[in-house]
1. Calculate the length of the line joining the C-alpha centroid of region 81-102 to that of region 12-28, in whole Å.
2. Just to verify a number: FRET efficiency for residue 12 and residue 70, C-beta to C-beta distance, R0 = 25 Å, to 0.05?
3. So how far, in whole Å, is the C-alpha centre of region 170-195 from the one of region 126-155?
4. Could you give the length gained on full extension between residue 197 and residue 121, defined as 0.36 nm per residue of separation minus the Cα-Cα distance, in nm?
5. Suppose R0 equals 30 Å; then what is the FRET efficiency for residue 132 and residue 62 from their Cβ-Cβ distance, rounded to the nearest 0.05?
6. Spin-label point model (7 Å from Cα, Cβ direction): what's the residue 149 to residue 209 distance in nm?
7. Only helical DSSP H runs with n ≥ 4 go in: add -39500 (n - 2.57) per run for the chain, normalise by residue count and round the 222 nm mean residue ellipticity to 500 deg cm²/dmol.
8. Can you list, largest first and rounded to whole Å, the semi-axes you get for region 100-217 by taking the square root of 5 times each eigenvalue of its Cα gyration tensor?
């Protein structure tokens, strides 16, 4: 004990909190990867001049950016996953909701990155005989990706912190065990300060890693 702060209950729950941190990282990594892939398709859809690609992409982005992630998690958990799996699954619902949400933000990152490349490079590529796909693959995207790295880094950090919301569907991540600690011991500061410290270590480490990647690229 130190000034009424109970370190003993932190010790009791620390293995569970660390296990929850691994799940948090795993869900966040999986969600950002899936969200990036889906976001690329949505981003190209928004930039398309074909209305049947453009308007659905715009609606998708507006919906997932304009509604709370909390609500999206509940809809995935209770409405989307049960008809697909035949039962609900907190982790699958969490990855689904976070991926769909991340895709909307990733689409805008792709759009901004691609449109930041001077149009003269596209014209030059076409003059060399490249078609649109070759130009995008070999000329535009390699340059745009470098400019997207900071934005994707921020999206990953935001997603990692937002993953705390999946505790509402009983996914056993950091906040799930922090809430369990609070419920068992009727204490506030110990569980939530510990959870905050774990999130801080994760985001700080990720910031350092992203800074290293940016310098290298």
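We did not get these values from a lab; they are worked out from the coordinates using the rules stated. All figures in this text were calculated on a predicted structure; none of them were measured in a lab. Please note: Cβ atoms are built from the backbone with ideal geometry, for glycine as well, and neighbour counts cover all protein chains shown.
1. The two parts, judged by their Cα centres, are 19 Å apart.
2. On the way: r = 29 Å, r/R0 = 1.17.
Rounded to the nearest 0.05, the efficiency is 0.30.
3. Cα centroid to Cα centroid, the span is 44 Å.
4. Values: separation 76, 0.36 × 76 = 27.36 nm, distance 4.65 nm.
Additional length available on full extension: 22.7 nm.
5. Numbers: r = 26 Å, r/R0 = 0.88.
Using R0 = 30 Å, I get an efficiency of 0.70.
6. In this crude spin-label approximation the distance works out to 1.5 nm.
7. On the way: 10 runs with 170 residues, N = 217.
Mean residue ellipticity, 222 nm, calculated: -26500 deg cm²/dmol.
8. Numbers: eigenvalues 374, 44, 14 Å².
Its equivalent ellipsoid spans semi-axes of 43, 15, 8 Å.
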